[in-house]
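Here's the structure, in structure tokens; my notes come after.
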Amino acid sequence: MKNNNEGMLFSDEYQKSLKEQFCYADEDPKYGKRLFFENSGGSLRLKKAAQIKYELEEFPDCPERVRGRGLELAAYVKNGTKEILEIVFGAKSGALVTELTASQTMFQAVGTILENIDWGKNVVTSSLEHPSAFDAVQYHAERTNREFRVVPANQTTGGIDVDEVMKYVDKDTCLLSIMAASNISGNIMNIKEITRRAKEINPDMYIISDAVQHAPHAVIDVEDWGVDVANFAPYKFFGVRGCGYAYVSDRVCSLPHHKLIHKENKVWALGTPAPANFAAMLTVIDYVCEIGAHFTDSTDRRTLYVEGMNRIHMQERGLLHRMLEGTKEVPGLRHIKNVEVYVDTQDLTEKDLIIAMGIKGIECDDCVQKYLEHGVTVFERLNTSPYSKRIVESLGLEAAIRVSPLHCHGRDDVDEFLKITQEIAAKYSA
Ligand SMILES: Cc1ncc(COP(=O)(O)O)c(C=O)c1O
């Protein structure tokens, strides 16, 4: 597949056939027609994911039985665990941590490592991390008396530079946690290179990557990245709320961790699992594999999944390019008077479909309200919120409007957003 700056858009017909598979893609049943460009806060849900979640919740049977309905429910847990590990994470070994949220999986994994290894004087993370990863590392570093180091963001690109990370890592670093992609700037970090270079300094270092924002946009490959931990949240990945998943490597599994004594090291789940959540995630994996099957003849699930995610990624890059540059009929964000695209870079190969922007003279929260009144859902990331203060400030900003469409959106959706932006900027900008 050509790896170009303009991506490769699906045909309109194919894109619409994908959008039809999502619930309420173009309208909210109560609030009416809308463009849902807030997928980073919770993505559009696949109809099949929502349906199976509902259907399976109707059965009272214990999913740990060996016959009848209970056995059927158990199969969703077994297959779901296997497919999330092997197909989504691309893991060849290791185990799955399941919790109510991705944040909880991060705290579990970081705590297990830092509380149990008896070496290492410092830990390193970045200023762009979501609080779940940042705070988990800081909390356990303080508890275990290790120095806590923070790599600053590149304020021009909006990412974390590999060379910068290396300035903070040394032979006494026991844990390095860098997110796979930013939930505010959309930048993709070069995790593979970060891992390679960090392991040159200390081959035993544990490396963690929060992949919550990257998972719905591109392939995760824990083997290729060389990480010990990665996580994602199904509710940001076309699926359902109420669960978070993490891959942990064999060496993390071998450390003491929360588990029932009689269970194997690889079983991190505590208590009865929720088959409906696994079943919903299986529909997400099926969906991505079906996109893959549209473009390749392979029958191997991981190959189909990787192809599907790569096609999604190229579609999203196409949408990102159109958002920024526009067309002859409608100017892109880079060309609309008084619109600012923050940490904008020409090289779109380093971005997921998340844009941080502002309109001069309008406060971000007022602007988000204006968008809502024009039928567009976006979100403001402010330095008054504990979730985004450190992140926006580390990017040199006070606030940003985060615009996050999804691959199932089309050219017409982007053009409509641009026209509305032009209208808001012309009417309200100072
Ligand atoms: C990058 C990133 N990591 C982690 C999280 C936390 O996910 P959860 O709400 O499932 O704990 C989020 C949520 O916004 C996120 O954007």
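Key figures for this structure:
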{"item": "All positions within segment 356-382 that are touching an Asp or Glu at 6+ places or on another chain (Cβ under 7 Å), in a loop (DSSP other than H, G, I, E, B) and surrounded by fewer than 15 Cβ atoms within 10 Å (Cβ to Cβ)", "result": "360"}
{"item": "Failed item in (1) within 16 Å of the ligand (Cβ to nearest atom); (2) not small (Gly, Ala, Ser); (3) not in a loop (DSSP other than H, G, I, E, B), with residue 353 passing the rest", "result": "(3)"}
{"item": "Residues located in segment 352-383, provided they are touching a strand residue (DSSP E or B) at 6+ places or on another chain (Cβ under 6 Å) and either among the charged types (D, E, K, R) or assigned by TED's automatic domain parsing to the domain that holds residue 183 (or both)", "result": "352, 365, 380, 381"}
{"item": "Residue 279, sole failed condition from (1) farther than 23 Å from residue 23 by Cα; (2) at pLDDT 95 or above; (3) in the same structural domain as residue 80 (by TED's automatic domain parsing)", "result": "(1)"}
{"item": "Entirely in segment 182-268, the strands (runs of 3 or more DSSP E) that have 2 or more residues that are in contact with a Ser or Thr (Cβ under 9 Å, 6 or more places away or on another chain), among the charged types (D, E, K, R) and closer than 22 Å to residue 82 by Cβ", "result": "none"}
{"item": "Leading residue by the ranking (nearest to the ligand (Cβ to nearest atom)) among those in segment 195-219 that are among the β-branched types (Val, Ile, Thr) and within 18 Å of residue 126 (Cβ to Cβ)", "result": "212"}
{"item": "Matching residues in segment 10-45 - criterion: being over 23 Å from the mean Cα position of the chain (by Cα) and free of Cβ contacts under 8 Å to residues at least 40 places away in the same chain", "result": "11, 13, 17, 27, 28, 29, 30, 31"}
{"item": "Test: residue in segment 115-127 that is closer than 29 Å to residue 306 by Cβ and either surrounded by 15 or more Cβ atoms within 10 Å (Cβ to Cβ) or within 16 Å of the ligand (Cβ to nearest atom) (or both)", "result": "yes"}
{"item": "Residue in segment 342-349 that is touching a strand residue (DSSP E or B) at 6+ places or on another chain (Cβ under 6 Å), under 27 Å from residue 14 (Cα atoms) and not assigned by TED's automatic domain parsing to the domain that holds residue 126 present", "result": "no"}
{"item": "Failed item, numbered, when residue 165 is tested on (1) part of a helix (DSSP H, G or I); (2) surrounded by fewer than 21 Cβ atoms within 10 Å (Cβ to Cβ)", "result": "(2)"}
{"item": "Qualifying position, being touching a residue at least 40 places away in the same chain (Cβ under 8 Å), in contact with an Asp or Glu (Cβ under 6 Å, 6 or more places away or on another chain) and buried (at least 23 other Cβ atoms within 10 Å of the Cβ), among 395, 353", "result": "353"}
{"item": "Unique residue being in contact with a helix residue (DSSP H, G or I) (Cβ under 8 Å, 6 or more places away or on another chain), among the hydrophobic types (A, V, I, L, M, F, W, C), more than 11 Å from the ligand (Cβ to nearest atom) and under 19 Å from residue 103 (Cα atoms) when the list is 162, 229, 222", "result": "229"}
{"item": "Segment 217-246 residues that are without any contact (Cβ under 8 Å) to a residue 40 or more places away in the chain, paired with ones that are polar (S, T, N, Q) and in a loop (DSSP other than H, G, I, E, B) (beta carbon under 8 Å, 6 or more apart)", "result": "227/249"}
{"item": "Within segment 179-192, tally of residues that are surrounded by fewer than 24 Cβ atoms within 10 Å (Cβ to Cβ) and over 19 Å from residue 156 (Cβ atoms)", "result": "1"}
{"item": "Tally, over segment 133-150, of residues that are within 16 Å of the ligand (Cβ to nearest atom) and either buried (at least 22 other Cβ atoms within 10 Å of the Cβ) or of a type in the set (Asp, Glu) (or both)", "result": "5"}
{"item": "Qualifying positions in segment 398-429 - touching a helix residue (DSSP H, G or I) at 6+ places or on another chain (Cβ under 7 Å) and not in a helix (DSSP H, G or I)", "result": "398, 399, 400, 401, 405, 407, 408, 409, 410"}
{"item": "Residue 92 being more than 24 Å from residue 249 (Cα to Cα) and not aromatic (Phe, Trp, Tyr)", "result": "no"}
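Yes or no, residue by residue, for (1) in contact with a helix residue (DSSP H, G or I) (Cβ under 9 Å, 6 or more places away or on another chain); (2) farther than 21 Å from residue 26 by Cα; (3) among the small types (Gly, Ala, Ser):
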site	(1), (2), (3)
352	yes, yes, no
358	yes, yes, yes
362	yes, yes, no
365	no, yes, no
376	yes, no, no
381	yes, yes, no
384	no, yes, no
395	no, yes, no
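The values are calculated or read from the model by the stated rules, or taken from the named source; none is laboratory data. Just so we're clear, the structure is a prediction, and the values are computed from it rather than from any experiment. Backbone-built Cβ (ideal geometry, glycine too); neighbour counts: all protein chains shown.
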